[in-house]
Amino acid sequence: MTPRFAIAAGALLMALGTGLGAFGAHALRAMVDASSLAVWHTAVLYQMLHGLGLLLSASLGAYLHPRWQARSATLMLVGTLIFSGSLYILVLTGVKWLGAITPIGGTAMILAWLALAMAALRHARP
């Protein structure tokens, strides 16, 4: 993933997360129980954090190994889509089996942060 794409993806995740957070705080509150609302808020929180992570990793590109930065950004985006996306769908539809794929997204997000650390450690110093 290029830094430009990571910036665009991060910004889109942030915009969507803001909208989904507002939806959860207002409209969804009347439609689901408190437990489901907490799941929704977890999905929004992780989406927002990883949107910022994409922006951060792209912004630090001069200090990062390009291939490891690209791996990190890809894992961060895919992990967020799987983790938060599965939780959003779970809350909206009640389809419980989606909870089984949520940890795959979480694992991808953890690996993204580890890849970002590798990007910093593998960067050739000028």
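Here, each number is a calculation from the coordinates, and none is a lab measurement. Just so it is clear, the structure is predicted and the values come from calculations on it, not from any experiment. When we count neighbours, we look across all protein chains shown, and the Cβ atoms used for this are built from the backbone with ideal geometry, even at glycine.
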Packing-based ranking, highest mean first, of 50-61, 19-30, 71-82, 4-15 given that Cβ atoms within 10 Å are counted: 71-82, 50-61, 4-15, 19-30
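Which whole-number percent is the relative contact order of the chain (Cα, under 8 Å, 6+ apart)? The partial results should precede the final answer.
Values: 165 pairs, mean separation 37.5, N = 126.
Contact order relative to length: 30 percent.
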Residues Trp68, Trp40, Trp97, Trp113 arranged by fewest to most Cβ contacts within 10 Å: Trp97, Trp113, Trp68, Trp40
Residues in segment 89-126 reached by a label modelled at Leu56 [backbone nitrogen below 16 Å; 7 Å Cα→Cβ]: 109-121
Principal-axis tilt of helix 102-122 within the chain, Cα atoms, nearest 10 degrees: 20
Cα-based Rg / Dmax (Å) for the chain: 15.7, 56
Cα-based helix-to-principal-axis angle, 3-25 vs the chain, degrees rounded to 10: 20
Estimated 222 nm signal from helices in the chain, with DSSP H stretches of n ≥ 4 weighted -39500 (n - 2.57), rounded to 500: -27500 deg cm²/dmol
For the chain, size of Cβ-based charge dipole, Lys and Arg +1, Asp and Glu -1, in debye: 400
In degrees, nearest ten, helix 34-59 long axis to first principal axis of the chain (Cα): 20
